[in-house]
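J.: Dropping the structure in here first, questions after.
The values are calculated or read from the model by the stated rules, or taken from the named source; none is laboratory data. Since the structure is predicted, the reported quantities are computational estimates derived from the model, not experimental observations. Please note: Cβ atoms are built from the backbone with ideal geometry, for glycine as well, and neighbour counts cover all protein chains shown. Side chains included, ligands, DNA and RNA excluded: accessible areas come from the protein's heavy atoms. Shrake-Rupley method; radii C 1.70, N 1.55, O 1.52, S 1.80 Å.
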Amino acid sequence: MQSEPETVCNVAISFDRCKITSVTCSCGNKDIFYCAHVVALSLYRIRKPDQVKLHLPISETLFQMNRDQLQKFVQYLITVHHTEVLPTAQKLADEILSQNSEINQVHGAPDPTAGASIDDENCWHLDEEQVQEQVKLFLSQGGYHGSGKQLNLLFAKVREMLKMRDSNGARMLTLITEQFMADPRLSLWRQQGTSMTDKYRQLWDELGALWMCIVLNPHCKLEQKSSWLKQLKKWNSVDVCPWEDGNHGNELPNLTNALPQGANANQENLGQCKSLEYQHLPAHKFLEEGESYLTLAVEVALIGLGQQRIMPDGLYAQEKVCRNEEQLISKLQEIELDDTLVKIFRKQAVFLLEGGPYSGLGEVIHRESVPMHTFAKYLFTCLLPHDAELAYKSALRAMRLLVLESTAPSGDLSRPHHIASVVPNRYPRWFTLSHIESQQCELASTMLTAAKGDVQRLETVLESIQKNIHSSSHIFKLAQDAFKIATLMDSLPDITLLKVSLELGLQSMLTAALSLPSKS
């Protein structure tokens with residue numbers, strides 16, 4: 001500012017193989033990021049490299065001096081900075097003159113201007129103390145004064161480092177995690193048996209997601225991964241380390257309103273996103289011709305969404321499963337499908353249907369496997385215009401909800417790549433069950449709408465509904481949906497759909513009657 005007096009700051013920056021390895025500035029500002037003066041000097045060096053004189057390491061310069069020059073050099077250095085270096089100079093002189101001193105047991109002397117050895121790891125400068133202090137400060141504010149936003153900025157910085165393959169990313173995340181583990185509120189919540197706040201849970205989720213990115217990095221050495229595994233196990237063994245579900249109490253909030261509901265949930269979100277245009281960037285190093293980073297990203301997303309996984313224990317972990325799945329589908333819905341991507345969808349749908357224990361759409365799944373209703377609805381919508389047979393086959397396979405069935409199919413044990421369903425003598429605690437059943441209902445409704453006018457398809461969908469949906473309210477809703485679809489104003493009534501509506505209505509009444517308590 002013009003009103004502020006001009007100040008001169010002394011800045012020193014050390015480089016090693018195109019990286020800033022250390023910085024000092026007399027301004028005294030303490031932050032995890034570089035001060036404005038360090039940034040200014042770095043930009044000056046980048047834009048005007050000829051204006052910054054390069055010197056040989058000081059050890060090389062001293063080697064070229066004779067005795068008189070060395071004495072003059074040292075005395076002038078002490079004269080200019082006598083109040084700062086004189087005590088150190090006298091101490092070093094005494095040690096050098098002593099034959100038995102430790103300094104005389106070492107050959108040569110250190111040179112901070114010479115840089116590291118070619119075999120040494122070179123890292124961007126990171127003020128570890130400041131990272132710890134900043135995180136500790138933000139956590140102590142308990143989510144107030146924008147501390148959560150500041151922590152997310154730190155997480156974003158870690159992501160940026162990982163993207164640039166900066167080894168400081170893991171160092172910085174380690175420092176952040178240590179401060180999270182040292183948060184005194186963890187002990188308090190554990191003693192009281194209460195849940196952590198939702199904002200705090202989200203920060204821990206981000207922490208876990210970043211560690212996944214680090215340990216799955218294919219460019220990391222095996223020794224690094226072994227070291228991180230040891231550290232993660234150490235943190236996990238601490239009593240106050242939070243559980244993944246984040247739920248220590250007995251209160252079960254109503255998730256029906258917490259999770260997106262209905263046929264337009266993602267849009268048996270998109271409106272808030274900016275319109276993005278995704279393009280195919282060629283990936284020359286991959287095996288198959290025509291692959292791009294976009295096709296690979298879509299294929300990996302489909303593999304992840306269709307992977308069979310057991311529903312985790314705990315309220316928060318189950319809610320996170322649903323939320324993460326719907327967020328990923330929302331990202332996929334931003335992409336406009338072309339012929340290349342349609343081929344990816346068809347290939348993955350076939351793989352999932354024919355897959356063994358790794359597929360959530362395989363012939364046999366575990367009784368407590370996470371249902372595929374939400375994913376199958378998206379897959380059905382994408383495949384329907386291009387391969388209706390495959391679309392219906394995938395959606396019908398996904399309609400099952402084995403956790404509500406008293407018995408489950410044992411599977412074909414003669415096929416070694418299939419696993420048999422394990423049916424325990426209990427109903428697991430699925431806190432998100434109402435949301436899951438609503439997604440099952442939406443999938444069925446989507447198929448009914450698409451099958452209008454196709455008698456065989458409608459009969460197949462009806463059989464699937466009658467077999468897999470156990471809630472009378474959802475069956476009644478589907479009866480209403482079928483009636484509305486059958487009697488649209490712009491077409492003649494669909495007799496088959498009206499029959500479907502009638503059968504579903506009767507079944508809903510029967511199901512409701514069977515669920516009523518009987519009089520003795």
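J.: What about residue 494, is it over 20 Å from residue 396 (Cα atoms), in the same structural domain as residue 383 (by the TED database) and surrounded by fewer than 14 Cβ atoms within 10 Å (Cβ to Cβ)?
T.: no
J.: Which residues, taken from the stretch 346-400, are of a type in the set (S, T, N, Q) and more than 24 Å from the chain's Cα centre (by Cα)?
T.: Once the filter is applied, which keeps residues that are of a type in the set (S, T, N, Q) and more than 24 Å from the chain's Cα centre (by Cα), the stretch 346-400 yields 381, 394.
J.: Do you know which of the residues in the stretch 478-491 that are open to solvent by less than 70 Å² (accessible area, probe 1.4 Å) and not aliphatic (A, V, I, L, M) is farthest from the chain's Cα centre (by Cα)?
T.: Taking the candidates together, the pick is 491.
J.: Now a separate question. Can you report the number of residues in the stretch 12-28 which are surrounded by 13 or more Cβ atoms within 10 Å (Cβ to Cβ) and more than 29 Å from residue 109 (Cα to Cα)?
T.: 1
J.: Among the candidates 462, 504, 514, which residue alone is open to solvent by 30 Å² or more (accessible area, probe 1.4 Å) and aliphatic (A, V, I, L, M)?
T.: The match here is 514.
J.: Scan the stretch 331-361 for residues that are at pLDDT 95 or above and small (Gly, Ala, Ser) and report the count.
T.: Within the stretch 331-361, residues that are at pLDDT 95 or above and small (Gly, Ala, Ser) number 3.
J.: Any idea how many residues of the stretch 158-170 are surrounded by 17 or more Cβ atoms within 10 Å (Cβ to Cβ) and either outside the structural domain of residue 232 (by the TED database) or part of a helix (DSSP H, G or I) (or both)?
T.: Selection size over the stretch 158-170: 6.
J.: Something else now. In the stretch 368-389, how many residues are assigned to a helix (DSSP H, G or I), open to solvent by 10 Å² or more (accessible area, probe 1.4 Å) and under 23 Å from residue 331 (Cα atoms)?
T.: So the answer is 5.
J.: Check whether at least one residue in the stretch 72-83 is outside the structural domain of residue 162 (by the TED database), open to solvent by 60 Å² or more (accessible area, probe 1.4 Å) and under 53 Å from the mean Cα position of the chain (by Cα), and report yes or no.
T.: Yes, the stretch 72-83 has at least one match.
J.: State which residue pairs qualify: first residue on the phi < 0 side of the Ramachandran plot and assigned to a helix (DSSP H, G or I) and inside the stretch 91-112, second residue of a type in the set (Val, Ile, Thr) and open to solvent by less than 90 Å² (accessible area, probe 1.4 Å) in any location, beta carbons under 6 Å apart, and separation of 6 or more residues or different chains.
T.: Listed pairs, sorted by first residue: 95/103.
J.: Right, next: List pairs: first in the stretch 11-37 and more than 22 Å from residue 53 (Cα to Cα), second open to solvent by less than 70 Å² (accessible area, probe 1.4 Å) and in a strand (DSSP E or B), Cβ under 6 Å, 6+ apart or cross-chain?
T.: Filtered contacts from the stretch 11-37: 35/25.
J.: Now for a different question. Mind counting the residues in the stretch 314-353 that are of a type in the set (D, E, K, R) and farther than 25 Å from residue 290 by Cβ?
T.: Count: 5.
J.: Look through the stretch 158-197, keep the residues that are charged (D, E, K, R) and under 22 Å from residue 134 (Cα atoms), and return whichever of them is modelled with the lowest pLDDT.
T.: Of everything passing the filter in the stretch 158-197, 166 is modelled with the lowest pLDDT.
J.: Answer with yes or no whether residue 343 is more than 21 Å from the chain's Cα centre (by Cα) and basic (Lys, Arg).
T.: yes
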